[in-house]
Amino acid sequence: MDRKLKIALGADHAGFPLKETIRGYLLSKGYEVEDHGASSAQSVDYPDFAERVAKRVASGSADSGVLICGTGLGMELAANKVSGIRATPCNDTLSAQFARSHNNANVLTLGARLVDEATARKILDVWFSTAFEGGRHERRIEKIAAIDQREHRERKP
Ligand code: RB5
């Protein structure tokens, strides 16, 4: 039997209600879900949750990440600071399709102020059913990784 895909999930206060419904949806689809908070709609700072989820994905402890804030943009900016992360804001299904097939994105960020629950479910369906195409896109992903490595190496003392 195939191993269940493990998804690290996180949100700030703006994304909290959508995270709660998304967690149930992902579980109903048979995925394993790690919920890294927030645990209420009380105001918090999105970088804290982005970092937790991104580190789980970058270390290989989780297969994929889903981060939700008001727009998906703050989560994307913060998650992409973690080496090895390719986080993309996808508030429509076409973005989700290309983020996976061309960019091999490993963290999906969603904007709870931009998508309703039904749209979020469709985006998740596309995200998790779309494979990376490889080929010419592989070379481009390798170039992103090379920038990542150069930048991290140069910043270390
Ligand atoms: C919080 O108000 C909001 O700034 C945050 O959820 C997110 O949209 C940031 O990008």
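The residues listed here are Glu133, Glu138, Glu142, Glu154; of these, the one that is of a type outside the set (Gly, Ala, Ser), surrounded by fewer than 17 Cβ atoms within 10 Å (Cβ to Cβ) and outside any helix (DSSP H, G or I) is Glu133. Scanning the stretch 99-114 for residues that are surrounded by fewer than 22 Cβ atoms within 10 Å (Cβ to Cβ), under 21 Å from Thr21 (Cβ atoms) and free of Cβ contacts under 8 Å to residues at least 60 places away in the same chain turns up just one, Leu114.
Read-outs: derived from the displayed coordinates by stated rules, not from any lab. Since the model is a prediction, treat every value here as computed from it, not as a measurement. Positions of Cβ are backbone-derived with ideal geometry, glycine not excepted, and every protein chain shown enters the neighbour counts.
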